[in-house]
1. Can you sort GLU159, GLU304 by how many other beta carbons sit within 10 Å, fewest first?
2. What's the exposure ranking of PHE286, PHE303, PHE242, going from fewest to most Cβ atoms within 10 Å?
3. Report the local net charge at VAL41: Lys and Arg +1, Asp and Glu -1, summed over other residues whose C-beta lies under 14 Å from its C-beta.
4. Which ordering of THR257, THR234 is given by a fewest-first count of other beta-carbon atoms within 10 Å?
5. Using the per-residue mean of other Cβ atoms lying within 10 Å as a proxy for protection, in what order, highest first, do the peptides 310-316, 171-177, 126-132 fall?
6. Binned at 10 Å from 0, what are the whole-percent values of the Cα-Cα distance distribution for the chain, short to long?
7. Take the range 208-337, drop everything but the C-alpha atoms, weight them equally and run the Debye formula without solvent; then report log10 I(q)/I(0) at 0.20 Å⁻¹ to two decimals.
8. Taking Cα centroids, how far is the range 261-287 from the range 296-328 in Å?
Amino acid sequence: MRKRLPLRALAAGLALLLALCAGCTPQPEKHTETFAAMDTVMTLTLYGGEDGTLSAAKDRVLELESLLSVTDPDSEIAALNRDGSAALSPDAAELLGRALELCGRTGGALDVTIYPVVRAWGFTTGNYAVPDGGVIADLLTRVDYTQVRLDGGTASLPEGFELDLGAVAKGYTGDTLAALLKENGVTSALLELGGNIHTVGTKPDGSDWRVAVRDPAGDGYVGVVSVASKAVITSGGYERYFEEGGVRYWHIMDPKTGAPARSGLASVTVVADSGVYGDALSTALFVMGLDGALDYWRANRDFEAIFVAEDGSVTVTAGLEDAFALSGRHNMAVARP
Ligand code: ADP
Ligand code: MG
């Protein structure tokens, strides 16, 4: 026994030393900035990387905004809408190509030609109004993503059609920033682009990021989802809306009716590897409603989601059963494959 004591003491000393060293390992430097872009507030928080990475990331956001904004008359999308045809930058062409593919995959629940309808309701301009049925029926003759042509980098639209990439632009921006950061040696970052959260890697201490899912009916949240290297993207009727005659009208449109999608859902949060995919789906699944959305999930299984219904009930897909922690006062169901 006696002979062993020094060994034990040595081991204990070593453990203490290791513990102390863990405490004094230099943490990667934190860089953070909040700014307005893409009609929302963004906060980028990076750990590590070279000086200048944060400002390069912000510049990239502003560049994408200037290409993709439907309301900026100098953007490529505005030029396409005005002239019916435009040569697109690689970013705009890539995003449009992927968006058109996702319009098809979601059976037109996502439709990037929805803009005439969105504008008639006053979203993006602020002149909110409930258009009459005849106006909507007329506008719907100009909503059909299958009519958009994209040949090489040139896009063209039929007469009267207008494009809006607002449902996917922030998702693309998140993917682009995540790639830029990784190229610059950033292994840990939290990108808050309005309701879109993109996580790069884990938190600097190696644990998962914890992303709160807002309660569509109040100021609190319905729960917290733990993720690493994922996009967590929410679309909700509470994000942008107006009220008339006691009815709430929001900015997510059902391309079949030309009116705000009223599917019984109050918000959809998608957890996916790709921001473009997550952003497209958060909008499209909101339009589909819970049953249609779960059918889509069962057929594809390449994302997970949290659905909050207008009655406050919460449904999560099976892959989030352990990663999602519900806050007290909600009920939760788990959707199985
Ligand atoms: P947010 O931009 O608030 O994060 P979304 O990603 O759901 O929300 O995108 C909503 C925006 O997309 C609307 O403001 C409108 O410009 C456009 N939009 C609305 N409905 C659709 C739809 N069914 N398909 C494609 N785009 C849509
Ligand atoms: Mg979206």
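1. Ascending number of Cβ neighbours within 10 Å: GLU159, GLU304.
2. So the residues, fewest neighbours to most, are PHE242, PHE303, PHE286.
3. Net local charge, VAL41 excluded: -2.
4. Listing THR257, THR234 from fewest to most nearby Cβ atoms yields THR257, THR234.
5. 171-177, 310-316, 126-132
6. Computed distribution, short to long bins: 5, 24, 30, 23, 9, 4, 3, 2, 1, 0.
7. -1.17
8. That distance is 11 Å.
Any read-out appearing in this document is the output of simple, stated calculations on the displayed coordinates, not a laboratory observation. None of the values given here were measured: they were computed from a predicted structure. So basically every Cβ, Gly included, is an ideal-geometry build from the backbone, and we count neighbours across all protein chains shown.
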